[in-house]
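The numbers here are math on the coordinates, done by the rules we state, and not lab data. Source: prediction; values computed, not measured. Don't worry about glycine lacking a Cβ; one is built from the backbone with ideal geometry, like all the others, and counts go over all protein chains shown.
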Amino acid sequence: MDSRLYLITGTDFLKNRSLLDTVAAAIEGGADCVQLREKNASSRQLLQMAIDLRKLTAKYNVPLIVNDRVDIALAADADGVHLGQDDLPIDIARKMLGPNKIIGISTHNVEEAIEAERAGASYIGVGPFKPTSTKTDTQPVVGLAGIRQIRQAVSLPIVAIGGIQQPDVSDIIQSGANGVAVISAIMAADDVLAAASGIRAAVDRVRGGA
Ligand code: 3NM
């Protein structure tokens, strides 16, 4: 699961536009993976959003990942789940989802990254890259040095996350991350398509043609 621009939803940031239109514009701009993450939604609301996003992402052939909720991922036939360190363990999620689904996990240091690889994660999130107000209970900032250390410790795809804006992207990819995950840089942008294509182009400039 080698994503270059991994979009995470955040309906709190939407300004008078729909989630589906916003995600579609981000995909048009170059997002190649979408994660449904809505901490304040009920199970029923999450399920509906997952079903709607499944239809949209299928049209673009982009994977859909559900944050935390293996049940919602299964019910909506999403491509996988993204787990936090306090969510279900990877081996249990794997049993529930079967061999072909994507399982990502948030990691914050070398030890967690090595354990994720041992447990069979498909990719790891590494963060927070910078301070962010989007998530309140973050771990200490990892910065470029943290990304480099984790890159040396594991061969899993790395998606950097946390406070990332377009000017950060080049250094992040040069430090060994495969891609970047963003919420506010895209969800809160005035021009979603332009924001996404700017970030995606910055990844592609370091990694080479997509
Ligand atoms: N996880 P934004 S930081 C969801 O460090 C999330 O694991 C993080 O939002 C981690 O792009 C974060 O708006 C928030 O900063 C990312």
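The figures follow:
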quantity: Antiparallel DSSP beta bridges within the chain, as percent of all bridges there, nearest 5; calculated: 0 percent
quantity: Per-residue [θ]222 nm for the chain (sum of -39500 (n - 2.57) over DSSP H runs n ≥ 4, rounded to 500); calculated: -13000 deg cm²/dmol
quantity: Estimated dipole of the stretch 81-150 in Debye, rounded to 20 [Cβ of Lys and Arg +1, of Asp and Glu -1, Cα centre]; calculated: 260 debye
quantity: Whole-Hz couplings from phi, Karplus 6.51/-1.76/1.60, listed for the stretch 18-30; x for Gly and Pro; calculated: 7, 4, 5, 5, 5, 5, 4, 5, 5, 5, 4, x, x
quantity: Cα-centre dipole for the chain with unit charges at Cβ (Lys and Arg positive, Asp and Glu negative), debye to 20; calculated: 240 debye
quantity: Electrostatic dipole magnitude of the stretch 102-210 [Cβ: Lys, Arg +1; Asp, Glu -1; Cα centre; debye, to 20]; calculated: 220 debye
quantity: FRET efficiency, GLN152 to ASP91 (Cβ-Cβ, R0 30 Å, nearest 0.05); calculated: 0.75
quantity: Karplus-derived HN-Hα couplings along the stretch 133-138 (A = 6.51, B = -1.76, C = 1.60, θ = phi - 60°), whole Hz, x at Gly and Pro; calculated: 9, 6, 10, 8, 9, 7
quantity: Proxy reagent accessibility, fewest Cβ within 10 Å first, across PHE129, PHE13; calculated: PHE13, PHE129
quantity: Residue exposure sequence - LYS95, LYS101 - by fewest surrounding Cβ within 10 Å; calculated: LYS95, LYS101
quantity: Ranked HIS82, HIS108, criterion: other C-beta atoms within 10 Å, fewest first; calculated: HIS108, HIS82
quantity: Residues ASP191 and SER170, FRET efficiency given R0 of 22 Å [Cβ-Cβ distance, rounded to 0.05]; calculated: 0.60
quantity: Karplus 3J(HN,Hα) series, Hz, for the stretch 98-114 with 6.51 cos²θ - 1.76 cosθ + 1.60 (x for Gly, Pro); calculated: x, x, 9, 7, 7, 10, x, 9, 6, 10, 9, 7, 4, 4, 5, 5, 5
quantity: Cα-based shape type of the stretch 34-191, given that a ≥ b ≥ c are square roots of the gyration tensor eigenvalues and the cut on a/c is 1.5; calculated: oblate
